[in-house]
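This report concerns only the one structure given below.
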Amino acid sequence: MSLTSAQILDLAPDASSRKAGQDQAKPAKWGGLGRAGDVVWGEIKGSGANPYRTVADLSGPASTCTCPSRKFPCKHALGLMLVDAATPISETEPPDWVAAWIRGRESRAVSAEARAQAVPAPVDEKGQAKRRHAREGKVSAALDELDLWLGDLMRRGLATVRREPYAFWDRMAGRLVDGQAPGLARRVRAMPGLVAAAPVSGVARPEATLALALGRLSLLVRAARRLDKLTPEQAAGVRAAIGYPVTAEEMASRPDVVDEWAVLAHAVEDEDKLTARTVWLAGRTSGAMAQVVDYGTTGSPLPPVPAAGQDFSGALVFHPGDPPLRAVFHEGRAGPAPAGSLPGATSVAAALDGFAEALARAPWIDRWPVRLSGLRLGHRADGAMAAGDATGCFTLADSAHFPPLMAVAAGGHIDLFGLYDGFALAPLAMVADGHLYAVPAQDPRPILVRAA
């Protein structure tokens, strides 16, 4: 198989790697190029005496390189894959160093399967119960403090909040981190951005979005105190929103959901010292949405995932929660997708009903994925950007990517995928004339990439 240039560039860990990878995508720079099935390799001159040896498995995609870079994939791996995307590399017998890497990957896959089938070690139930009880106590104290803080905020009035410095919010977030409630801390740390946001035509004012965020936070605190009144899946969703991790044992007991999963888009955000990458998928048969989130650091790069525009044929395992959304890749293989399509796309009215249903089950949801079909893009009477059909319309979040969306749509009907927060829809991908166009994960320029 081969990846498109857009899919390869979407794998870059950051914007500088994208540019550096494009600089390496010149066949004249490479020697010893070869291919065996989905594996490509080559050697490229670096800063040392010996050339760097680079190999990539396009079906992963996965790669390795002898360069000292800690980024994954490195610029040489990106460049090698881009060379193949431009003109497929010829088949040949792999040299010893490539054959060794292929055998190593096969061996690790066998070992991983053996570990999955191995009998787990005895669980220290007393130790687990002690640690669980200690954390429950810390979280309970953090909830008490957050409840007091929210009550004080309401008594003072939201008009006074605009004068508060960032430290006001950061102190409360820090206490929640100390109380082992990182999910609540992230919500509090996001609030200064809502306060400082400039008013945008057609979208709720910053005060309204802040009030809604505080209301959702308060509802989450109330739900956390009533876990015994909720169903197991609802309680699991509340705990996940607070920041409790899901154990490997819990995930191992969850059922597989097998489908042909269309990879719609990637999104990358920086969270403190972490890089968070989200992969959005939609089941072609089930119509289910899935959100796969990975975290990486400088010393621990993000794992390889299918590129936007590919299909992942295999199984996902969903985290406990209601409604189900977050998942992990279990087993399967990435490959070419059929003609661009948006599985599960509906009308605007049906999408709004789905959003309302999700809120009824988990009212602290701040963004929800929606898939829409048969839309036209345009402007509302007040100048706000919008996408609509005969059943209604969504206001679109202000974005540098709106002009290319308009240009590609060219006044015709499109399908659209994005995240809706109750006020505006932030587009992440669009299907027009049978092709999938994705918003680049890390490129702020006003461009789209044709992913399939």
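Could you give me the percent of Cα pairs per 5 Å distance bin for segment 1-69, shortest bin first, beginning at zero and ending with the bin that holds the maximum distance? Binned Cα distances yield the sequence 3, 15, 24, 31, 20, 6, 1. Axis angle, to the nearest 10 degrees, between helix 125-156 and the longest C-alpha principal axis of the chain: 60 degrees. Accessible area per residue for segment 352-452, computed on protein heavy atoms with a 1.4 Å probe, is 42 Å². Pairs of Cα atoms nearer than 8 Å and 6+ residues apart set the relative contact order; for the chain it is 13 percent. Just how far, in whole angstrom, is segment 1-32 from segment 224-288 if you go by their alpha carbon centroids? The two parts, judged by their Cα centres, are 31 Å apart.
For the set 145, 269, 331, the ranking by accessible area, highest first and with no ligand, DNA or RNA atoms included, is 331, 269, 145 under a 1.4 Å probe. Restricting segment 259-342 to trypsin sites (Lys or Arg not before Pro) that sit in a DSSP loop and have at most 14 other Cβ atoms within 10 Å of their own Cβ leaves 273. Full extension of the chain between residue 423 and residue 14 yields a length gain of 144.3 nm, computed as 0.36 nm times the residue separation minus the alpha carbon distance.
Kindly identify segment 247-343 as rounded, prolate or oblate by the Cα gyration tensor criterion: order the square roots of the eigenvalues as a ≥ b ≥ c, call it rounded if a/c is under 1.5, otherwise compare a/b with b/c, prolate if a/b is larger, else oblate. Oblate, because a/c is 1.5 or more while a/b does not exceed b/c. Quick check on segment 289-407: take the gyration tensor over C-alpha atoms, sort the square-rooted eigenvalues as a ≥ b ≥ c, and tell me if it's rounded (a/c under 1.5), prolate or oblate. The shape class here is prolate. Summed over all non-identical Cα pairs, the Kirkwood treatment of the chain gives a radius of 24.2 Å. Ranking 261, 392, 241 by Cα position along the charge dipole of segment 240-396, where only Lys, Arg, Asp and Glu carry charges on their C-beta atoms, puts 392 farthest toward the positive end.
Between the helical axis of 206-224 and the longest alpha-carbon principal axis of the chain there is an angle of about 90 degrees.
Within the accessible surface of segment 219-258, defined with a 1.4 Å probe on protein heavy atoms only, the carbon and sulfur portion equals 59 percent.
Compared with the dominant principal axis of the Cα atoms in the chain, helix 348-361 is inclined by about 70°. Oblate is the label for segment 126-265, because the ratio a/c of its alpha-carbon gyration tensor axes (a ≥ b ≥ c) is 1.5 or higher and a/b is not greater than b/c. Computed on segment 251-363, with alpha-carbon pairs under 8 angstrom and 6+ residues apart, the relative contact order is 27 percent. Label-to-label distance for residue 445 and residue 361 is 4.1 nm, based on points extended 7 Å past Cα in the beta-carbon direction.
The values are calculated or read from the model by the stated rules, or taken from the named source; none is laboratory data. Please read all numbers here as calculations on a predicted model, not as lab measurements. Because the Cβ atoms are built from the backbone with ideal geometry, glycine has one as well, and the counts that use them run over all protein chains shown. Side chains are part of the model used for accessible areas, which takes the heavy atoms of the whole protein and leaves out ligands, DNA and RNA. Shrake-Rupley method; radii C 1.70, N 1.55, O 1.52, S 1.80 Å.
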